[in-house]
Amino acid sequence: MTKSALLRRGVFLFIGAALMSVGLEIFLVPNKIIDGGITGISIILSYLTHVQVGLFLTLLNIPFLFIGYKMIGKTFALSTFFAILVMSIGTWLLHPVHELTNDPLLAAVFGGIILGIGVGMVIRFGGSLDGTEIIAILVSKKLPFSVGEIVMFFNLFILGSAGFVYSWDRAMYSLIAYFIAYKMIDVTIEGFDESKSVWIISDSFRQIGEAILDRLGRGVTYLEGEGGFSGDNKKVIFCVITRLEEAKLKSIVGELDPKAFLAVGNIHDVKGGRFKKKDIH
């Protein structure tokens, strides 16, 4: 990894961890609202013991540094350690700062947004601030449940426990914060400028391909295919577009071949090739 790439990773890991500490100490913790995973457990333990949440976040995540090192690698472990260190220092520095709002709904919404962006940024740049997924991967090898199902059960148990520790209305606010944070993590990891892959099967493949090149400004690739039912040879058009161009592409295909097969899927990242923005007409 080059020095510039390493610096870029370090900067975004720092920003992400700092945002998480803001979401916790300025919004969630003072309003007795928790998140899922290790973060939720840390907030509950902090409330019961009157010890700063950053200490529990550090202690509970340390075992997963070693597990992550063995399962994923040295870079992941170092990135995670750096992010956890920044987050812990951030929560310690922000602990004396007064919360921005006493309204639990506002705290849940904005705390969830800030927390989700922070966690998503750390994940996007190769680290982690929660060992829940690592636990789920290990447990899934012993039980007939998927990683996603185990994470869901784990978080439901943690969020439900907020009802016993705080009150049931705080547990419901915690669910709101968790849902918003979950969605913001996805948005941050995938990015706002989401790309889409397009597969088109049509006898008018040449006209459609040229129209996409000319009117949408996107490159296309022609692939060889064979119909599973008919056994006929087919040309498959493949291209990558942004979500803003999807409607225009469907219009082009519908205009040239209303019976064409069209499949559109989401892509989290696009690199290389000639994927550049051009004018639509």
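The values are calculated or read from the model by the stated rules, or taken from the named source; none is laboratory data. Remember, it's a predicted structure, so these values are computed and weren't measured experimentally. Positions of Cβ are backbone-derived with ideal geometry, glycine not excepted, and every protein chain shown enters the neighbour counts. Just so you know, the surface numbers come from the protein's heavy atoms only, side chains and all, with ligands and any DNA or RNA stripped out. Shrake-Rupley method; radii C 1.70, N 1.55, O 1.52, S 1.80 Å.
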Exercise for review: Report, by residue number, each residue of region 211-226 that is modelled with pLDDT under 90 and assigned to a strand (DSSP E or B).
Suggested key: E224, G225, E226
Check your understanding: Within region 89-102, can one find any residue that is in contact with an Asp or Glu (Cβ under 7 Å, 6 or more places away or on another chain) and closer than 18 Å to V119 by Cβ?
Key -> yes
Review point. Between a first residue in region 247-261 that is on the phi < 0 side of the Ramachandran plot and a second residue that is assigned to a helix (DSSP H, G or I) and open to solvent by 60 Å² or more (accessible area, probe 1.4 Å), which pairs have beta carbons less than 7 Å apart while being 6 or more apart in sequence or on different chains?
Key: L256/Q207
Check your understanding: Looking at F153, F229, F179, which one is aromatic (F, W, Y), open to solvent by 80 Å² or more (accessible area, probe 1.4 Å), more than 24 Å from K250 (Cβ to Cβ) and modelled with pLDDT of 85 or more?
Key -> F179
Review point. Which numbered condition trips up S42, out of (1) farther than 25 Å from G126 by Cβ; (2) open to solvent by less than 30 Å² (accessible area, probe 1.4 Å); (3) free of Cβ contacts under 8 Å to residues at least 24 places away in the same chain?
Key: (1)
Review point. Scanning region 194-205 for residues that are surrounded by fewer than 20 Cβ atoms within 10 Å (Cβ to Cβ) and either part of a strand (DSSP E or B) or among the aliphatic types (A, V, I, L, M) (or both), which turns out modelled with the lowest pLDDT?
Key: S195
Review point. In region 232-271, which residue that is open to solvent by less than 60 Å² (accessible area, probe 1.4 Å) and modelled with pLDDT under 85 is nearest to S197 (Cα to Cα)?
Key: I267
Point to revise | Checking K70 against (1) open to solvent by 10 Å² or more (accessible area, probe 1.4 Å); (2) touching a helix residue (DSSP H, G or I) at 6+ places or on another chain (Cβ under 7 Å); (3) over 20 Å from L175 (Cα atoms); (4) part of a helix (DSSP H, G or I), the condition it does not meet | key: (2)
Review point. Restricting attention to region 118-126, does a residue exist that is touching a Lys or Arg at 6+ places or on another chain (Cβ under 7 Å), assigned to a loop (DSSP other than H, G, I, E, B), of a type outside the set (D, E, K, R) and modelled with pLDDT under 90?
Key: yes
**Study point:** region 73-117, subset open to solvent by less than 30 Å² (accessible area, probe 1.4 Å) and not in a helix (DSSP H, G or I), residue farthest from V51 (Cα to Cα)
**Key:** G73
Check your understanding: Checking I208 against (1) open to solvent by 40 Å² or more (accessible area, probe 1.4 Å); (2) touching a residue at least 24 places away in the same chain (Cβ under 8 Å); (3) not in a strand (DSSP E or B), which single condition isn't satisfied?
Key -> (1)
